[in-house]
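A quick write-up on the structure given underneath.
The values are calculated or read from the model by the stated rules, or taken from the named source; none is laboratory data. Just so it is clear, the structure is predicted and the values come from calculations on it, not from any experiment. With ideal geometry, Cβ positions are generated from the backbone for all residues, glycine too; neighbour counts draw on all protein chains shown.
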Amino acid sequence: MKDLKERTIRGGVARSCAQAATLALRLASLMILARLLSPKDFGLVGMVTAFTGVLDIFKDFGLSAATVQRTTVTSEQKSTLFWINVVVGVVLALIMVAISPIIAAFYHEPRLQFVTIVLAMGLIFNAAGVQHSAVLQREMRFTTLAVVSVVSLIVGTAIAIGGAEAGYGYWSLVAMTVSLPLTSTLGLWLATRWIPGLPRRRTGIRSLMRFGGTLTLNGLTVYVASNLEKVLLGRFWGVDAIGLYGRAYQLINIPTSNLNSVVGEIAFSALSRLQDDPARRKNYFLKGFSLVVGMTLPLTIACAFFANDLVLVLLGPKWKDAAPIFRWLAPTILVFAMANPLSWLLTASGRIGRLMRMSLVIAPVMVLGYIIGLPYGPRGVACAYSVVMTLWLIPLVAWAVHGTEISIMDVVRSVSPPLLSSVVAGGLALGAGLVFGDSWSPLSRLILESTTLFVSFLGLLMCVARQRSLYFDLFQGLTGFMSAKEKVPVSI
C-alpha cells in the first residue's frame, strides 16, 4: 500500500483532533459532575462497572481485532461475526440481570440491583457496533470514527449533566454509561451503511474465532488484574473510598486512554498491513512509539509534581483527599504508554500467545500488590499498584521485543530523548512553582507550572535532543509532500 504512510498520518491527525475534543469534553464533564455529585454517587456506579467491565470484554470476543488484523475478510465472514457478537452481547446482558441480586448482596447495597439491570443494556448496544467499527478501521476511515466518537460523547455528557442538574444523582451517571454505546453504535451503522447478512456456516471463521478467543482471554486477564482493587476497596472500605479512588484513577487514566485511542486504532491497522515487510514495520513502530512516549512523559511529570493543584482545579475542594491517590498513580501513565504499543506490535504480528503468557505472569503479581496495600486503604492500594507496574516495565519490554525486528537498544534510543527532556523540564517547572507561585491561587499556579513544563520540554526535545527530523518527517506526510516512494527512515 503505497500511500499507507500518508493515510496513517492523516488518520492520526483526524483522531488527534477528535481526541483533543474528547479530552476537553471528558475533563469538562468530570469538573462539572464532580461539583454536582458526591463521591457516593460515583462510588455506587463504580461498584457495578467493575463487574460489567469484565463482561464487556466478552461482547467483542476479540473479533473486531481479528477482522482488522486479517489481510482479507469476506462479506459472509463479517456478517457471521456480527451475529456472533450480538448473541454474545445478549447472553452477557442476561447474565448481568441474573447476578444483579448477588452484586447488591456482595456490597451490602440494595440500590445496586436495579443499577446493574439498566447498565446491562449497554452490553447489547456495544456488541451491535463491534463489526461496523472494525469495517471503518480496515478502511482506515479514522475521521469518520473520530466524528462518531465525539458526537456520542457529547450526547452522553449532556444527558449526565442534565440529569445531575435535575437532581437524579447517580442515575445521571447510569444514563451516561448506557447512552454512550447506544449513540456510538447508531453512528457507526449510519457511517458504514453496511447491513449484515444472515449468518452462514463454513465461512472460514474458525481461525478468526481462535485469534479472537485468545485476545479475549488476554483482555480478561488484564482487566481483572487492573480492576480487582476497585472491587476490594468497595467491599472492605465502602462507597466513599471507591468514589475517591475511582475519580483519581479516571483522572490519571484520561491521558493514557486518549493516547491509546488516538494511536492504537491507527497503529494496529497500519502494522497489520505491513506483516510481510518487517523493515517498514520496524520504522513505523519506532516512530509511533517515540511519539507516544514523548507525548506522555510531560503528562506523567505534571501529574506527579502538581497533583494537589490538578485535583483542586479539576475536581474541587471536596475531592482533596484524592490528590495523594492521584500522585501515587502517576507513574502508571508512562507504564501503559510504553506497554500499549508493544501489545499492538505483538497482536499485529500474530504473537498473541506471547501476549497471553505475559498477562498471566503479571496478573497474580498485581493482585498480590493489592492485597498488601489493602489494609492501608485507597492510598496503600494506589502505591502498590504503581510500584508493581513500574517494576514490571523493564521485563515486559525485554520479553515483548524478543525475537522481533525491534531490539532493546531501539527502545532505549526511542525513550531517552523525551525522558531526559521531561526530567529537566519537570525540574524547571517545579522550581518556577516554588519561587513564584506560593501566594498564587491553585489555577494560576497550575498555569505557571504547566506552561513552564511543556514549553521547556518542547524546546529541549527539539533543540537539545535533536528530534526535529522526526516531527518534520511527519509534517511532510501530513501536508502531502511525501514522494510516492518511501523515504529512508529517520533516526530516532
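State which residue is surrounded by the fewest Cβ atoms within 10 Å (Cβ to Cβ) when the search covers only segment 393-415 and only residues that are free of Cβ contacts under 8 Å to residues at least 40 places away in the same chain and not in a loop (DSSP other than H, G, I, E, B). Don't jump to the end; show me each part of the working.
We begin by selecting, within segment 393-415, every residue free of Cβ contacts under 8 Å to residues at least 40 places away in the same chain; these are 394-395, 398, 402-403, 407-409, 412.
Pick out the ones that are also not in a loop (DSSP other than H, G, I, E, B) and you get 394-395, 398, 408-409, 412.
Numbers: I394: 12, P395: 12, A398: 11, I408: 12, M409: 9, V412: 11.
In this case the residue turns out to be M409.
Hey, among the residues in segment 213-253 that are surrounded by fewer than 19 Cβ atoms within 10 Å (Cβ to Cβ) and among the β-branched types (V, I, T), which one's modelled with the lowest pLDDT?
Among those residues, the one meeting the criterion is T214.
Only residues in segment 24-49 that are farther than 15 Å from F114 by Cα count as the first member; pair them with residues that are not in a helix (DSSP H, G or I), Cβ under 6 angstrom, at least 6 apart or cross-chain, and list the lot.
Listed by first residue and then by second, the contacts come to A34/L315; A34/G316; R35/G316.
Restrict the check to segment 36-47 and report whether at least one residue is modelled with pLDDT under 85, within 18 Å of the chain's Cα centre (by Cα) and surrounded by fewer than 21 Cβ atoms within 10 Å (Cβ to Cβ).
Checking segment 36-47: not a single residue is modelled with pLDDT under 85, within 18 Å of the chain's Cα centre (by Cα) and surrounded by fewer than 21 Cβ atoms within 10 Å (Cβ to Cβ).
For R210, all conditions in the list (1) in a helix (DSSP H, G or I); (2) modelled with pLDDT of 70 or more; (3) over 24 Å from A337 (Cβ atoms) hold save one; what is the number of the exception?
The failed condition is (2).
Take V91 and tell me if it is at pLDDT below 90, of a type outside the set (D, E, K, R), farther than 18 Å from D41 by Cβ and surrounded by fewer than 14 Cβ atoms within 10 Å (Cβ to Cβ). Don't jump to the end; show me each part of the working.
Values: at pLDDT below 90: yes; of a type outside the set (D, E, K, R): yes; farther than 18 Å from D41 by Cβ: yes; surrounded by fewer than 14 Cβ atoms within 10 Å (Cβ to Cβ): no.
Taking the combined requirement at face value, the residue does not satisfy it.
Taking the stated definitions as given, is I352 of a type in the set (V, I, T), within 21 Å of the chain's Cα centre (by Cα) and modelled with pLDDT of 90 or more? Give the derivation first.
Values: of a type in the set (V, I, T): yes; within 21 Å of the chain's Cα centre (by Cα): yes; modelled with pLDDT of 90 or more: no.
No.
Going residue by residue through segment 85-98, is there one that turns out to be more than 20 Å from the chain's Cα centre (by Cα), β-branched (V, I, T) and within 23 Å of C17 (Cα to Cα)? First the steps, then the outcome.
Within segment 85-98, the first condition is being more than 20 Å from the chain's Cα centre (by Cα), and the residues that meet it are 85-98.
In the following step, the residues that additionally are β-branched (V, I, T) were identified as 86-88, 90-91, 95, 97.
Of the ones still in play, those that are also within 23 Å of C17 (Cα to Cα) are none.
No - not one qualifying residue is present in segment 85-98.
Within segment 417-450, track down each residue that is exposed (fewer than 13 other Cβ atoms within 10 Å of the Cβ) and free of Cβ contacts under 8 Å to residues at least 12 places away in the same chain.
G431, L434, V435, D438, S439, S441
Step by step: first the residues of segment 132-150, then only those that are of a type outside the set (A, V, I, L, M) and modelled with pLDDT of 80 or more, then the one that is surrounded by the fewest Cβ atoms within 10 Å (Cβ to Cβ). Which residue is that?
Restricting attention to segment 132-150, the residues satisfying the condition of being of a type outside the set (A, V, I, L, M) are 132-133, 137-139, 141-144, 149.
Then keep just the ones that are modelled with pLDDT of 80 or more; that gives 132-133, 144, 149.
Details: H132: 24, S133: 24, T144: 17, S149: 22.
Of everything passing the filter in segment 132-150, T144 is surrounded by the fewest Cβ atoms within 10 Å (Cβ to Cβ).
Six or more apart or on different chains, Cβ under 7 Å: which pairs go from a residue in segment 367-381 that's surrounded by 15 or more Cβ atoms within 10 Å (Cβ to Cβ) to one that's charged (D, E, K, R)? Could you list them?
Listed pairs, sorted by first residue: Y370/E229; V381/E229.
Among the residues of segment 80-120, how many are in contact (Cβ under 8 Å) with a residue 60 or more places away in the chain and not hydroxyl-bearing (S, T, Y)?
Filtering segment 80-120 for residues in contact (Cβ under 8 Å) with a residue 60 or more places away in the chain gives 80-84, 106-107, 109, 111-112, 115-116, 118-120.
Right, trim to not hydroxyl-bearing (S, T, Y) and you get 81-84, 106, 109, 111-112, 115, 118-120.
Selection size over segment 80-120: 12.
What's the total number of residues in segment 332-390 that are of a type in the set (S, T, Y) and under 22 Å from I406 (Cα atoms)?
Taking segment 332-390 and keeping what is of a type in the set (S, T, Y), we get 332, 343, 347, 349, 359, 370, 376, 385-386, 390.
Still in the list and also under 22 Å from I406 (Cα atoms): 343, 347, 349, 359, 390.
Residues in segment 332-390 being of a type in the set (S, T, Y) and under 22 Å from I406 (Cα atoms): 5 in total.
Can we say R413 is farther than 28 Å from G238 by Cα and among the charged types (D, E, K, R)? First the steps, then the outcome.
Values: farther than 28 Å from G238 by Cα: yes; among the charged types (D, E, K, R): yes.
Spelling it out, R413 is indeed farther than 28 Å from G238 by Cα and among the charged types (D, E, K, R).
Quick check on V178: is it at pLDDT 85 or above, of a type in the set (A, V, I, L, M) and either touching a helix residue (DSSP H, G or I) at 6+ places or on another chain (Cβ under 7 Å) or within 30 Å of I103 (Cβ to Cβ) (or both)? It would help to see each step written out before you state the result.
Working: at pLDDT 85 or above: yes; of a type in the set (A, V, I, L, M): yes; either touching a helix residue (DSSP H, G or I) at 6+ places or on another chain (Cβ under 7 Å) or within 30 Å of I103 (Cβ to Cβ) (or both): yes.
Spelling it out, V178 is indeed at pLDDT 85 or above, of a type in the set (A, V, I, L, M) and either touching a helix residue (DSSP H, G or I) at 6+ places or on another chain (Cβ under 7 Å) or within 30 Å of I103 (Cβ to Cβ) (or both).
For S422, indicate whether it is modelled with pLDDT of 85 or more, in a helix (DSSP H, G or I) and within 20 Å of V313 (Cα to Cα).
Working: modelled with pLDDT of 85 or more: yes; in a helix (DSSP H, G or I): yes; within 20 Å of V313 (Cα to Cα): no.
It is false that S422 is modelled with pLDDT of 85 or more, in a helix (DSSP H, G or I) and within 20 Å of V313 (Cα to Cα).
Please verify whether W399 is more than 18 Å from S226 (Cβ to Cβ) and touching a helix residue (DSSP H, G or I) at 6+ places or on another chain (Cβ under 9 Å), treating the condition exactly as stated.
Values: more than 18 Å from S226 (Cβ to Cβ): yes; touching a helix residue (DSSP H, G or I) at 6+ places or on another chain (Cβ under 9 Å): yes.
Against the criterion (more than 18 Å from S226 (Cβ to Cβ) and touching a helix residue (DSSP H, G or I) at 6+ places or on another chain (Cβ under 9 Å)), W399 qualifies.
Would you say L33 is assigned to a helix (DSSP H, G or I), modelled with pLDDT of 85 or more and surrounded by 15 or more Cβ atoms within 10 Å (Cβ to Cβ)? So that I can check it myself, show each step before the final result.
Working: assigned to a helix (DSSP H, G or I): yes; modelled with pLDDT of 85 or more: yes; surrounded by 15 or more Cβ atoms within 10 Å (Cβ to Cβ): yes.
Answer is yes for this residue.
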